[in-house]
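To start, the structure under review is shown below, and the notes come after it.
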Amino acid sequence: MNSIDLHNKCFRAVSNSANGQVSSLTTFHYRQKGNKIWGTYWGGSIRFGTLNGIISGTDLRFNYRHRDESGAFFTGKCQSKALLKDGIIYLSEEWQWTCDDYSKGESELIQIME
């Protein structure tokens, strides 16, 4: 299984479940050292968020926390699958809130090429 390098890569959402807060205006900036991943995200209805977890090959598992425009804090967990296609990384995510209503959702992110 080939590993994906996420260090200093940025992403944007191309889709998200209706119960999520991430949108195409949300930017994710990932960092990686070995199998450890962490990052920050902001934009759209999210003022600022952080995530941290691990990557194994193309599988990511992490927890996240952010503050939204209203000032409320939200937490969750996510399992993602990374796919490299034509030099661009796509992340297919299954997530769940660990607060509020504990609902689940799915999202797709695409690497921003600058």
- Query: Is it fair to say L109 is under 20 Å from N19 (Cβ atoms), part of a strand (DSSP E or B) and not polar (S, T, N, Q)?
  - Reply: yes
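Residue-wise test of (1) touching a strand residue (DSSP E or B) at 6+ places or on another chain (Cβ under 8 Å); (2) surrounded by 15 or more Cβ atoms within 10 Å (Cβ to Cβ); (3) modelled with pLDDT of 95 or more; (4) β-branched (V, I, T).
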residue	(1), (2), (3), (4)
S24	yes, no, yes, no
T27	yes, yes, yes, yes
G44	no, yes, yes, no
L60	yes, yes, yes, no
S80	yes, yes, yes, no
G87	no, no, no, no
- Does F74 count as loosely packed, with under 13 Cβ neighbours inside 10 Å, of a type in the set (F, W, Y) and either closer than 15 Å to W97 by Cβ or over 12 Å from the mean Cα position of the chain (by Cα) (or both)? no
- Just one of F48, F28 is free of Cβ contacts under 8 Å to residues at least 40 places away in the same chain and within 25 Å of S103 (Cα to Cα); which is it? F48
- Item | Answer residue from segment 62-71, given it is surrounded by 13 or more Cβ atoms within 10 Å (Cβ to Cβ) and out of contact with any Cys (no Cβ under 6 Å at 6 or more places or on another chain) and is nearest to L25 (Cα to Cα) among those | D68
- Query: Is there any pair linking a residue in segment 86-103 that is free of Cβ contacts under 8 Å to residues at least 12 places away in the same chain to one that is assigned to a strand (DSSP E or B), with Cβ under 7 Å and at least six apart or on different chains, and which?
  - Reply: Y102/Q96
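The values are calculated or read from the model by the stated rules, or taken from the named source; none is laboratory data. From a predicted model like this one, the values you see are computed outputs, not experimental measurements. Here the Cβ is made from the backbone with ideal geometry for all residues, glycine too, and neighbour counts use every protein chain on show.
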